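The values are calculated or read from the model by the stated rules, or taken from the named source; none is laboratory data. This one's a predicted model, so the numbers in the text were calculated from it and none came from an experiment. Cβ: placed from backbone, ideal geometry, glycine included. Neighbour counts: every protein chain shown.
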Amino acid sequence: MPTFGDGRRVVVVAGLRTAFAKAGTVLKPMSAIDLGRACVSELIERTNLDPAQLEAIVFGTVIPSILAPNIAREIALMPMLPKGVQAYSVSRACASANQAITDAADQIALGQADVVIAGGAESLSNIPILHARGFADALMAANRAKSLPQRLGAFSRVRPKDLRPIAPAIAEPSTGETMGESAEKMAKINHIPRDEQDQFALRSHRLAAAGTADGRLTAEIAPTYVSPRYETVITSDNGIREQTSYDQLAALKPVFDRTYGTVTAGNSSPLTDGGGAVLLMSESRARALGYAPLAVIRAYAYAALDPGEQLLQAPVLAAPVALKRAGLTLKDMDLIEMHEAFAAQVLSNLRGFESQQWAERAGMSAPLGEVDRTRLNVMGGSIAIGHPFGATGARILTTLCNELARRRGQFGLLTVCAAGGLGHAMVVERI
Ligand SMILES: CC(C)(COP(=O)(O)OP(=O)(O)OC[C@H]1O[C@@H](n2cnc3c(N)ncnc32)[C@H](O)[C@@H]1OP(=O)(O)O)[C@@H](O)C(=O)NCCC(=O)NCCS
């Protein structure tokens, strides 16, 4: 069966990210552009890439800067790069870095490029705050006014409610449901008890703490000097709680359904700042430049379902398609990296992998089967490490490729759920 990029195989040469920090903490002074530049510049340094070889940057972000919406181009314009690196930005909610990666891979597979950096960044510490329509209209009218009385008159129609700031909500525009409420709903539909969610969150922290202690996770992190003062450096993720216990997690109050809920701050991914990027090349160019690529992209898929149904369940529809396109089965996978928006979502996705009903919805005759937990998120996941929306896909792909190499595994699967009822899956093979 022909697989992705047959004839022009696309390889992952390397990946790198900033440390991930809880929003409002150490990375707060940095914009998403700063975070993107921090990881891309260090990725270029560490891979010794001649900047003249770089043809394009594709970057994802979920809440872009209104003043500089094409984050990819702003990154490409950093001083170390020639001005001729073309660049564009993408958005696919929490799968935005994945979209950037698959866009870049498509360009390479089609012969449009040979060397592309793809990734994403997010600063949830720096979200744009908007004005209500009434106040925005007054500001525009005052801007057009030709005299002071006209200018003052423009504000005369402003009412107190117009002064209310509007911040982006982590809620579905189509249903109004927040991500957390969706996770609650999924926990109920799929019968995911609170203790199972807390055990999964504990596992995420323990594995991430181990990966940090032994250097596997920190090897994927560019020490991040916090601009603009560069007085602070962060070298590891600050949301990982090595001391957390099941009892502490179990004691937390539910956040999104305070009466009957099971989803807490402990079993959810935290709001996070960070950036991540991967260097992709055609296999032939990578070899010609003397690189030893980590993995080849075998296949990928996107899927969608009704956001009013089970918002974060679409990886269950994407994974079978990606595996089928790769000509492989779940059993062939040595490692699986699944984005952890919420423990309830991961556990719902895993239940979905085993369900005949979901298999049929994905167009398959049989379920994927049970995921071997010893191969799943072996260095923890977004619950512990954090989840800068636009960047997570790059982190997951980097970890998957590096860990496949360490374990001398062959195949890896990654999945990401995203707002809008979207899901993504990718299959890679170590080479
Ligand atoms: C769940 C959420 C609302 C919690 O936000 P928050 O209240 O600011 O979270 P905090 O980190 O302050 O944690 C709240 C409390 O739980 C405690 N806590 C959190 N995780 C813990 C853990 N693993 N172990 C022990 N205690 C923990 C904190 O210490 C804090 O306690 P305190 O109030 O005594 O200080 C926020 O993280 C969120 O919105 N997450 C979901 C993001 C989302 O929707 N992402 C999209 C997914 S695709």
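Only one of the listed residues (G261, G274) is under 24 Å from L27 (Cα atoms) and either of a type outside the set (D, E) or away from the ligand (no atom under 15 Å from the Cβ) (or both). That residue is G274. Is it the case that some residue within the range 239-258 is on the phi > 0 side of the Ramachandran plot and out of contact with any helix residue (DSSP H, G or I) (no Cβ under 8 Å at 6 or more places or on another chain)? No, because not a single residue in the range 239-258 is on the phi > 0 side of the Ramachandran plot and out of contact with any helix residue (DSSP H, G or I) (no Cβ under 8 Å at 6 or more places or on another chain).
The number of residues in the range 173-189 that are among the hydrophobic types (A, V, I, L, M, F, W, C) and within 11 Å of the ligand (Cβ to nearest atom) comes to 2. The residue of the range 30-55 that is nearest to the chain's Cα centre (by Cα), among those that are within 22 Å of L289 (Cα to Cα) and of a type in the set (D, E), is E42. Once the range 145-155 is narrowed to residues that are in a helix (DSSP H, G or I) and either within 45 Å of the chain's Cα centre (by Cα) or of a type in the set (K, R) (or both), the residue that is surrounded by the most Cβ atoms within 10 Å (Cβ to Cβ) is A154. Only one entry of I240, I192, I221 meets the criterion of being within 15 Å of the ligand (Cβ to nearest atom), buried (at least 20 other Cβ atoms within 10 Å of the Cβ) and hydrophobic (A, V, I, L, M, F, W, C), and that entry is I240. Of the residues screened, V316 is one that is touching a residue at least 60 places away in the same chain (Cβ under 8 Å), out of contact with any His (no Cβ under 6 Å at 6 or more places or on another chain) and within 16 Å of the ligand (Cβ to nearest atom).
Exactly one residue among D198, D162 is within 11 Å of the ligand (Cβ to nearest atom), part of a helix (DSSP H, G or I) and on the phi < 0 side of the Ramachandran plot, and that residue is D198. Consider the range 338-365 and keep the residues that are under 17 Å from A425 (Cβ atoms) and among the small types (G, A, S). The one that is surrounded by the fewest Cβ atoms within 10 Å (Cβ to Cβ) is G363. Just one of the listed residues (A19, A100) is within 17 Å of the chain's Cα centre (by Cα), farther than 20 Å from V226 by Cβ and not acidic (D, E), and it is A100. For V346, the stated conditions hold: it is within 12 Å of the ligand (Cβ to nearest atom) and either part of a helix (DSSP H, G or I) or in contact with a strand residue (DSSP E or B) (Cβ under 8 Å, 6 or more places away or on another chain) (or both). Considering (1) among the hydrophobic types (A, V, I, L, M, F, W, C); (2) surrounded by 17 or more Cβ atoms within 10 Å (Cβ to Cβ); (3) closer than 27 Å to P168 by Cβ, the lone condition that L249 does not fulfil carries the number (3). Filtering G420, G390, G409 for residues that are within 16 Å of the ligand (Cβ to nearest atom) and surrounded by fewer than 24 Cβ atoms within 10 Å (Cβ to Cβ) leaves a single hit, G420. Restricting the first member to the range 160-181 and to residues that are free of Cβ contacts under 8 Å to residues at least 12 places away in the same chain and within 21 Å of P307 (Cα to Cα), and the second to residues that are among the basic types (K, R) and not in a helix (DSSP H, G or I), no beta-carbon pair is closer than 9 Å while six or more apart or on different chains. On the stretch given as the range 45-75, residues that are closer than 18 Å to A222 by Cα and surrounded by 22 or more Cβ atoms within 10 Å (Cβ to Cβ) total 2.
Hey, any hits in the range 130-144 for a residue that's of a type in the set (F, W, Y), at pLDDT below 95, in a loop (DSSP other than H, G, I, E, B) and at negative phi? No, there is no match, as no residue in the range 130-144 is of a type in the set (F, W, Y), at pLDDT below 95, in a loop (DSSP other than H, G, I, E, B) and at negative phi. Restricting the search to the range 201-217, which residues are without any contact (Cβ under 8 Å) to a residue 60 or more places away in the chain and either under 18 Å from the mean Cα position of the chain (by Cα) or within 11 Å of the ligand (Cβ to nearest atom) (or both)? Passing the criteria: only L202. Scanning the range 5-59 for residues that are under 18 Å from P270 (Cα atoms) and assigned to a strand (DSSP E or B) gives R17, T18, A21, K22. The set of residues in the range 243-258 being within 9 Å of the ligand (Cβ to nearest atom) and either without any contact (Cβ under 8 Å) to a residue 24 or more places away in the chain or of a type outside the set (F, W, Y) (or both) consists of Q243, T244, S245, Q248, L249, A251, L252, K253, V255. In the set A288, A299, A359, only one residue is more than 12 Å from the ligand (Cβ to nearest atom), modelled with pLDDT of 95 or more and out of contact with any helix residue (DSSP H, G or I) (no Cβ under 8 Å at 6 or more places or on another chain); that residue is A288. Scanning the range 366-387 for residues that are crowded, with 19+ Cβ neighbours inside 10 Å and over 26 Å from A93 (Cα atoms) yields a single hit, P367.
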